[in-house]
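Notes for the one structure printed next.
Bear in mind that the values in this text are calculations on the coordinates, not laboratory data. Everything numeric in this text was worked out from a predicted model, so none of it was measured. Note that we place each Cβ from the backbone using ideal geometry, even for glycine, and neighbour counts take in every protein chain shown.
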Amino acid sequence: MRESFKKITFLIAAVVVSWSGVSFAQADDDGKYLNLSVGVYTDEKIDSAPTKIELDGTFRKLTKVQWNPNTRTMRFSPKAVGVGTLIVKSPASGRVIARFTLDVRKTDLDKVAREIQALLQTIDGISIKILNNKVVVDGQILLPSDMKRIHSVVKQYGNKATSLVILSPIAQNKIAQFIERKINNPEIRVSAINGKFILEGFANSQSERDRSEIIAKMYVPDVVVDEAVADKKVMERKADVVVNLISVRPPPPGEPSKIIQLVVHYVELQKDYNKSFRFQWLPDLGDGSTLEFSTGGRSPGGIVGTITGTISNLLPKLNWAKQHGFARVLQSSSVVVEDGKKGVMNAITRLPYLVTNAQGQPSTNFEEAGIRSNITPNIMGERSDSVKLNMSFAVKSLISYSDQGPLTASREIQTVLHVRSGHSAAVGGLITSDNGANYNKLPANASTNPIISLYASKDFRKNQSQFVVFVTPIIKASASAGADKIKRKFRLDQ
């Protein structure tokens, strides 16, 4: 068999004799492209060729060519990797019978291509070819997860395989549709441009705008690094994948706040009881002795001495007193405020009193007595009739006057509670009780050096007071509600 192939090769290389009477059709200008592998022979049949042919081209360094004139079959036996040409001519007429472009590659690339095809057969949109002595995976895919699989498969074969796969623009548009559907706002549109997701439209609030951006970032696929970018041949601009261009629609004008009337009653009860008994006999001797000198005139001169004395508090004294007092102070205040606004109610009296400065000059100072109230109401809900009250009360009342000025007592209440509209609540109270007794206590004007001292006394006092604040919130339809009732009360409509 080898001898026959050698003879055929010799015949092809020798000068061929022309063969007359046979005509051949000229091959196409483009010729035929053949993919060959080193060590694997390939047969190509040329039906229109004569028994004797002439070969020309750059094929001799790449492959051996054997011609079988009986079957008109040409066998290629590649021996080196490369690209060359083969031109088949008729030795008689010199006409071109066939043209071949030969691409000789390594023998194992077919095996690599088949293995890659088996591993990536579940991924749509790709094709596997053998080009430039490499297995090339090309195409467009929809999911970045498929890109990871392609990269892992191709990487196993080193320089024998490469990937030109990219993400399809259709995938970006599909993801944009998923984002828009998840946001579920007909006024917000999502589009994919140059690998970026653009959010446009109008949102009803800032929170809705932020929510749309968060949803878009959840759907953004993983970044696929291009080889040109990895090799720093192309520098991508750094920008956010999600570009939020959503505008927040200004809120519509809100409804006017509800009106709340606050009615406050201040009730203070005072009781005082005093009982005293005193027996006093403290006679006191006052010394009034004098010594005088006189001379001249008609009277004889000399020394005149006079001894005088004064006995005071000579008569015994008996004092008995009993006092009992009761007082009730009632004050009512009312103010109308908007929901959430603070209402202030003050009823202050300024009490004047005289003071003397360091230079002895008199001046007038004032002490305040009265009630200060601060209440902030908040309606708990749109349809609720409960009102949250944040309250602060301060009461300063006059007790008595002294040489230094008025004596006052202060009471303060701060609390927060919920009260239904039209209902009253006692928000705070203060009860004080003062009891005292004195026995045999000398009065301020008692004698310090009596002749005889007989004194007995008893003084008992009891003071009680109670302070309570009642608050009634009333939700009004408008500030003018209830005006007719006030007019009738004061007869202002007549």
To the nearest 0.05, the calculated FRET efficiency linking Thr364 and His418 through their beta-carbon distance, R0 being 51 Å, is 0.65
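Listed here are the pairs Lys342/Lys462; Lys45/Lys160; Lys396/Lys441; Lys52/Lys160; Lys271/Lys388; Lys111/Lys148; which of them are more than 29 Å apart at the Cα?
In this structure, Lys342/Lys462; Lys45/Lys160; Lys396/Lys441; Lys52/Lys160; Lys271/Lys388 lie more than 29 Å apart at Cα.
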If every Lys and Arg gets +1 and every Asp and Glu gets -1 at its Cβ, then about the Cα centre the stretch 50-167 yields a dipole, in debye to the nearest 20, of 540 debye
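Going highest first, how would you order 61-67, 317-323, 245-251 by mean Cβ packing within 10 Å?
By packing density, highest mean first, the sequence is 61-67, 245-251, 317-323.
Working out 0.36 nm times the residue gap between Lys458 and Asn346, then minus their Cα-Cα distance, what length gain in nm do you get to one decimal?
Full extension of this stretch gives 36.0 nm more.
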Burial-style ranking of 404-415, 350-361, 458-469, average other-beta-carbon count within 10 Å with highest first, yields 458-469, 404-415, 350-361
Taking every other residue with Cβ under 11 Å from the Cβ of Ile126 and scoring Lys and Arg +1, Asp and Glu -1, one gets -1
Counting only backbone N atoms under 15 Å from a point 7 Å out along Cα-to-Cβ of Thr408, the residues of the stretch 360-388 in range are 365-373
The summed charge of the Gly84 Cβ neighbourhood (under 15 Å; Lys/Arg +1, Asp/Glu -1) stands at +4
